[in-house]
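Below: one structure, written as C-alpha cells.
The values are calculated or read from the model by the stated rules, or taken from the named source; none is laboratory data. Computed from a prediction, not measured in an experiment: that's the story for all the values here. Cβ coordinates were reconstructed from backbone atoms using ideal geometry, including for glycine residues, and neighbour counts include every protein chain displayed.
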Amino acid sequence: MVTGLLAYGMLWQAAVPPEEAVRRLFDPAEIRKELADLTRARAAGELTDEEADALEQALRDRLAGHGRAP
C-alpha cells in the first residue's frame, strides 16, 4: 500500500503545476484528509504501526509548516 501511495504521489506531482503542488502539499484540509486515510489504513492492517507512525509524523510536520520554503 505504501509503495502504491508513493507511486501515485509521484505521478500526481508530475501532472500538477509546481505552485499548485506546493499549495496542496501544505493545505490543512488536504493534510487532515490524508491523516484520516492513514487512520483507516492502519485500522485495516494495511500499514504496520512503524509505517503509520512515520507517515503520521510527516503529515503533522507538514501541518505545522515544517519543510515549507520561506
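Conditions (1) at pLDDT 90 or above; (2) among the charged types (D, E, K, R); (3) over 12 Å from the mean Cα position of the chain (by Cα), marked per residue:
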residue: 17; (1), (2), (3): no, no, yes
residue: 20; (1), (2), (3): no, yes, yes
residue: 29; (1), (2), (3): yes, no, no
residue: 32; (1), (2), (3): yes, yes, no
residue: 35; (1), (2), (3): yes, no, no
residue: 45; (1), (2), (3): yes, no, yes
residue: 48; (1), (2), (3): yes, no, yes
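Working only within the range 41-50, note down all residues that are surrounded by 11 or more Cβ atoms within 10 Å (Cβ to Cβ) and either of a type in the set (A, V, I, L, M) or more than 18 Å from residue 63 (Cβ to Cβ) (or both).
Here is the first cut: in the range 41-50, the residues surrounded by 11 or more Cβ atoms within 10 Å (Cβ to Cβ) are 41-42, 46-48.
If the condition is that a residue be surrounded by 11 or more Cβ atoms within 10 Å (Cβ to Cβ) and either of a type in the set (A, V, I, L, M) or more than 18 Å from residue 63 (Cβ to Cβ) (or both), then 41, 46, 47, 48 are the ones that fit.
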